[in-house]
Amino acid sequence: MQLVFFASSFCEPCIQTRAVLDQASKLVPALKIAELDVARETAEAEKAGIRSTPTVVVLDGEGSEVFRAEGVPSLDQVLVALAKAV
């Protein structure tokens, strides 16, 4: 299972999201998190339809999107999304 975190360097909510994702990765060791800076990875952000940061996208084993959250997700939201990705 993979989680893609679209962030920007000037984004205060992105800092909060990093903390939530850090907690999730401690609870789910198999979780792979890819953080992409939308200013540097513009093509990827456009391809994914990112309109704001932070945005968290959870992908299942086949690469299909099962969850998307714009803004700071709660730990519960992330864990439920990860369960859907299994």
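Tabulated data for the structure shown
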item: Any hit, the range 13-20, residues being part of a strand (DSSP E or B) and surrounded by 17 or more Cβ atoms within 10 Å (Cβ to Cβ); result: no
item: Residue under evaluation residue 40, criteria (1) surrounded by fewer than 16 Cβ atoms within 10 Å (Cβ to Cβ); (2) modelled with pLDDT of 95 or more; (3) more than 12 Å from residue 6 (Cβ to Cβ), criterion not met; result: (3)
item: Count of the range 25-58 residues which are among the hydrophobic types (A, V, I, L, M, F, W, C) and touching a strand residue (DSSP E or B) at 6+ places or on another chain (Cβ under 8 Å); result: 11
item: Hits in the range 44-60 (condition: farther than 14 Å from residue 4 by Cβ and either out of contact with any Gly (no Cβ under 9 Å at 6 or more places or on another chain) or surrounded by 18 or more Cβ atoms within 10 Å (Cβ to Cβ) (or both)); result: 51
item: Scope the range 53-68; condition more than 14 Å from residue 82 (Cβ to Cβ) and modelled with pLDDT of 95 or more; matching residues; result: 53, 54, 55
item: Yes/no for residue 82 being aliphatic (A, V, I, L, M), in contact with a helix residue (DSSP H, G or I) (Cβ under 8 Å, 6 or more places away or on another chain) and farther than 19 Å from residue 12 by Cα; result: yes
item: Residues of the range 49-82 satisfying the condition of being in a loop (DSSP other than H, G, I, E, B), under 15 Å from residue 31 (Cβ atoms) and not small (Gly, Ala, Ser); result: 60, 73
item: Residue count, the range 13-23 (criterion: more than 14 Å from residue 53 (Cα to Cα) and touching a strand residue (DSSP E or B) at 6+ places or on another chain (Cβ under 8 Å)); result: 1
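The values are calculated or read from the model by the stated rules, or taken from the named source; none is laboratory data. Just so you know, these numbers come straight off a predicted model, no measurement behind them. Note: ideal-geometry Cβ built from the backbone for every residue, glycine included; neighbour counts use all protein chains shown.
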